[in-house]
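Asker: Just dropping this structure here.
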Amino acid sequence: MTNSETKATLSFSDGSPALEMPIYKGSIGPDVIDIRKLYGSTGMFTYDPGFMSTAACNSSITYIDGDKGELLYRGYPIEQLAVNGGDFLETCYLLLNGELPTADQKKEFVATVTNHTMVHEQMQFFFRGFRRDAHPMSVLVGTVGALASFYHDSLDINDPHHREVSAIRLIAKMPTLVAMAYKYSIGQPFVYPRNDLSYSANFMHMMFSTPCEPYKTNEVLVRALDRILILHADHEQNASTSTVRLAGSSGANPFACIAAGIACLWGPAHGGANEAALSMLEEIGSVDNIPEFIAQVKDKNSGVKLMGFGHRVYKNYDPRAKLMRETCYEVLQELGLQDDPLFKLAMALEKIALEDEYFVSRKLYPNVDFYSGIVQRALGIPTALFTGIFALARTVGWIAQWKEMISDPEQKIGRPRQLFVGAPKRDVPAIDKR
Ligand code: CMC
């Protein structure tokens, strides 16, 4: 970041002295006003619930232009990475290291990740403590957090080698844990990873094969899963990433930080939206019911939202949603499900919403979650696991952001302040006087 020649001046109508604040320029995107001296100079905080106007860090990983509907990982457009940027592990390498790998670097990276796909054997006993009908996200919060009790040799966040090893472990073990959560929920034996398969093919093997029957991987479906993972890999300072950074700012270990990110992702306004969007489509049921549903969405008292629509940053079509719709089409075609009623319903709903004044005036467009549920369902992934797949994919983004934060010299423990509106100091009355 560079200093701008322009400065911001904050003046007060009560005659208090004005405060001049520096402005910094990034490489692209909005400039920021440095308000760090504000409290020291004026005794006042800024007030910004929901971080509507607050940049909490500087970052060189992911850039979103919400007005244009553009998403860049390390400068590369998501469309190029998803269509001809290689597989998910190339995207992982890019996010972690800043550049796409050469052929040799990729070979080494794939070998390193592959070397860490198994989880400690004791983990399966940890799994057995959960009810079989537990939500996979709660299982993932627990088991990912528990990794810290198994891998003591990579917990020193001040040691770059430890950081590297824990990053690789998390990326390598997430598919194993997500598949274990699924197998546990349906009462099937856990399936060990197969290191001769690609990252996505191995995940499908752990999900769908059994000791009595191998799973035949289908290239189109493996590519579709890989694309889902690439599209969800990072998304700058969203709620779960900010959670990971905030947890990490206290010096917590990476497994604990990623568990915190998974907990945040679970919410329906964030990663839980893919599950909610599919349930919504199932509830609407048929194209004939769309007008009634849209009327409910527009009625502010109903509490009904069009799930998979709207975004804090995108005020245009989410570029990931376009790619997801394409993938949806390819997968359904491959499986002979081109007449899938939910896909038809989703397209009709999208069309009607995009022409409706309510959505147009609020710049509400489909986001990545609108179509991802339909693709995942077609791949055989159960609805309850959709957000777990999102967590699997986002782990690399969280870990890249966590690593960036740890090595940022400006990093401090995150400590937001507040506008206190409660009772001022008072004396505790005796119980008979209350
Ligand atoms: N359906 C109906 N109305 C909506 C929707 C929606 N999906 N999204 C926003 N609005 C309305 C909202 O009621 C408000 O209207 P008004 O100005 O009349 O009060 C206006 O649009 C602005 O919305 P907001 O709530 O101020 O926007 P936000 O930036 O705080 O919320 C959001 C963003 C993603 C939480 C929200 O759009 C939403 O809840 N969408 C549905 C859930 C969803 O699909 N989430 C996935 C996001 S993408 C993947 C991810 O990040 O995990």
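The values are calculated or read from the model by the stated rules, or taken from the named source; none is laboratory data. It should be emphasised that the depicted structure is a prediction, and the values quoted were computed from it without experimental measurement. Backbone-built Cβ (ideal geometry, glycine too); neighbour counts: all protein chains shown.
Asker: If you scan region 379-405, which residues turn out to be out of contact with any Ser or Thr (no Cβ under 9 Å at 6 or more places or on another chain) and of a type in the set (Val, Ile, Thr)?
Answerer: Matches in region 379-405: 381, 387, 395.
Asker: Right, here's the next one. Give the number of residues within region 366-382 that are over 17 Å from residue 73 (Cβ atoms) and within 12 Å of the ligand (Cβ to nearest atom). Can you show your working first?
Answerer: Taking region 366-382 and keeping what is over 17 Å from residue 73 (Cβ atoms), we get 366-367, 369-382.
Now restrict to residues that are within 12 Å of the ligand (Cβ to nearest atom): 366-367, 369-373.
Count: 7.
Asker: OK, next. Could you tell me whether residue 251 is at negative phi, of a type outside the set (Asp, Glu), outside any helix (DSSP H, G or I) and surrounded by fewer than 16 Cβ atoms within 10 Å (Cβ to Cβ)? Quick ask: steps written out before the conclusion?
Answerer: Details: at negative phi: no; of a type outside the set (Asp, Glu): yes; outside any helix (DSSP H, G or I): yes; surrounded by fewer than 16 Cβ atoms within 10 Å (Cβ to Cβ): yes.
Spelling it out, it is not the case that residue 251 is at negative phi, of a type outside the set (Asp, Glu), outside any helix (DSSP H, G or I) and surrounded by fewer than 16 Cβ atoms within 10 Å (Cβ to Cβ).
Asker: Continuing with this model, one more query. Which residues, taken from region 121-137, are in contact (Cβ under 8 Å) with a residue 24 or more places away in the chain and either in a helix (DSSP H, G or I) or within 20 Å of the chain's Cα centre (by Cα) (or both)?
Answerer: 123, 124, 127, 135, 136, 137
Asker: Moving on. How many residues are touching a helix residue (DSSP H, G or I) at 6+ places or on another chain (Cβ under 8 Å), more than 16 Å from the ligand (Cβ to nearest atom) and at positive phi when one looks only at region 29-79?
Answerer: 1
Asker: Which of the residues that make up region 53-82 are out of contact with any His (no Cβ under 8 Å at 6 or more places or on another chain) and under 16 Å from residue 241 (Cα atoms)? Give the derivation first.
Answerer: The first filter runs over region 53-82 and keeps only residues out of contact with any His (no Cβ under 8 Å at 6 or more places or on another chain), leaving 53-61, 63, 65, 67-70, 72-82.
The answer is 54, 55, 56, 57, 58, 59, 60, 61, 63, 73.
Asker: Return the pairs, sorted by first residue and then second, in which the second residue is outside any helix (DSSP H, G or I), the first residue lies in region 245-272 and is under 15 Å from residue 404 (Cβ atoms), the beta carbons are less than 6 Å apart, and the residues are 6+ apart or on different chains.
Answerer: Short answer, once both residue conditions are applied: 246/414; 249/413; 249/414.
Asker: What number goes with the only condition from (1) hydrophobic (A, V, I, L, M, F, W, C); (2) under 26 Å from the mean Cα position of the chain (by Cα); (3) within 14 Å of the ligand (Cβ to nearest atom) that residue 385 does not pass?
Answerer: Result: residue 385 fails condition (3) only.
Asker: Tell me yes or no: at least one residue of region 160-173 is of a type in the set (Gly, Ala, Ser) and without any contact (Cβ under 8 Å) to a residue 40 or more places away in the chain.
Answerer: So the first thing to find is which residues in region 160-173 are of a type in the set (Gly, Ala, Ser), and the list is 166-167, 172.
Retained after the next criterion (residues that are without any contact (Cβ under 8 Å) to a residue 40 or more places away in the chain): none.
Within region 160-173 (the criterion being of a type in the set (Gly, Ala, Ser) and without any contact (Cβ under 8 Å) to a residue 40 or more places away in the chain), the answer is no, since none of the residues qualifies.
So that you can scan it fast, the table gives a plain yes or no per residue for (1) closer than 28 Å to residue 328 by Cβ; (2) modelled with pLDDT under 95; (3) touching a Ser or Thr at 6+ places or on another chain (Cβ under 8 Å); (4) of a type in the set (Ser, Thr, Tyr):
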| position | (1), (2), (3), (4) |
| --- | --- |
| 18 | no, no, yes, no |
| 24 | no, no, yes, yes |
| 71 | yes, no, yes, no |
| 85 | yes, yes, yes, no |
| 88 | yes, no, yes, no |
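Asker: Here is a follow-up. Kindly evaluate residue 213 against the criterion of being farther than 30 Å from residue 53 by Cβ, within 16 Å of the ligand (Cβ to nearest atom) and at pLDDT below 95. Please lay out each step first, then the result.
Answerer: Details: farther than 30 Å from residue 53 by Cβ: yes; within 16 Å of the ligand (Cβ to nearest atom): no; at pLDDT below 95: yes.
No.
Asker: Separate question: Considering only region 368-392, how many residues are under 16 Å from residue 324 (Cβ atoms), surrounded by fewer than 24 Cβ atoms within 10 Å (Cβ to Cβ) and aliphatic (A, V, I, L, M)?
Answerer: Of the residues in that region, 3 qualify.
Asker: Continuing with this model, one more query. Hey, could you check region 292-346 for residues that are crowded, with 16+ Cβ neighbours inside 10 Å and of a type in the set (Gly, Ala, Ser) and say which is farthest from the ligand (Cβ to nearest atom)?
Answerer: 346
Asker: Scan region 22-31 and give yes if some residue there is more than 28 Å from the chain's Cα centre (by Cα) and either of a type outside the set (Gly, Ala, Ser) or within 30 Å of residue 75 (Cβ to Cβ) (or both), otherwise no. Don't jump to the end; show me each part of the working.
Answerer: Residues of region 22-31 that are more than 28 Å from the chain's Cα centre (by Cα), as a first pass: 22-23.
Next, only the ones that are either of a type outside the set (Gly, Ala, Ser) or within 30 Å of residue 75 (Cβ to Cβ) (or both) stay: 22-23.
There is at least one residue in region 22-31 that is more than 28 Å from the chain's Cα centre (by Cα) and either of a type outside the set (Gly, Ala, Ser) or within 30 Å of residue 75 (Cβ to Cβ) (or both).
Asker: Exactly one condition in (1) away from the ligand (no atom under 13 Å from the Cβ); (2) closer than 30 Å to residue 294 by Cα; (3) at pLDDT 95 or above is not met by residue 400; state its number.
Answerer: Here residue 400 meets the rest and fails (2).
Asker: Something else about it: Between a residue in region 308-325 that is within 24 Å of residue 225 (Cα to Cα) and of a type in the set (Asp, Glu) and any residue that is near the ligand (Cβ under 8 Å from one of its atoms) and part of a loop (DSSP other than H, G, I, E, B), which pairs come within a Cβ distance under 9 Å, given they are 6 or more apart or on different chains?
Answerer: Listed pairs, sorted by first residue: 318/311; 318/367; 318/368.
Asker: Tell me, please, whether a residue that is over 19 Å from the mean Cα position of the chain (by Cα), among the hydrophobic types (A, V, I, L, M, F, W, C) and closer than 15 Å to residue 229 by Cβ can be found in region 67-88.
Answerer: Yes.
Asker: Please go through region 254-285 and give me each residue that is more than 9 Å from the ligand (Cβ to nearest atom) and under 15 Å from residue 232 (Cβ atoms), ordered by number. Talk me through it step by step, then tell me what you get.
Answerer: Looking only at region 254-285, we keep the residues that are more than 9 Å from the ligand (Cβ to nearest atom), and these are 254-264, 266, 275, 278-285.
Matches in region 254-285: 258, 261, 262, 264, 266, 275.
Asker: Let me ask something else. Hey, among the residues in region 392-434 that are part of a loop (DSSP other than H, G, I, E, B) and of a type in the set (A, V, I, L, M, F, W, C), which one's farthest from residue 141 (Cα to Cα)? Before the answer, list the steps.
Answerer: Applying the first criterion (part of a loop (DSSP other than H, G, I, E, B)) to region 392-434 yields 407-430, 434.
Among the residues that remain, those that are also of a type in the set (A, V, I, L, M, F, W, C) are: 413, 419-421, 423, 428, 430.
Numbers: 413: 23, 419: 32, 420: 32, 421: 34, 423: 36, 428: 40, 430: 43 Å.
If we take residues in region 392-434 being part of a loop (DSSP other than H, G, I, E, B) and of a type in the set (A, V, I, L, M, F, W, C), then 430 is farthest from residue 141 (Cα to Cα).
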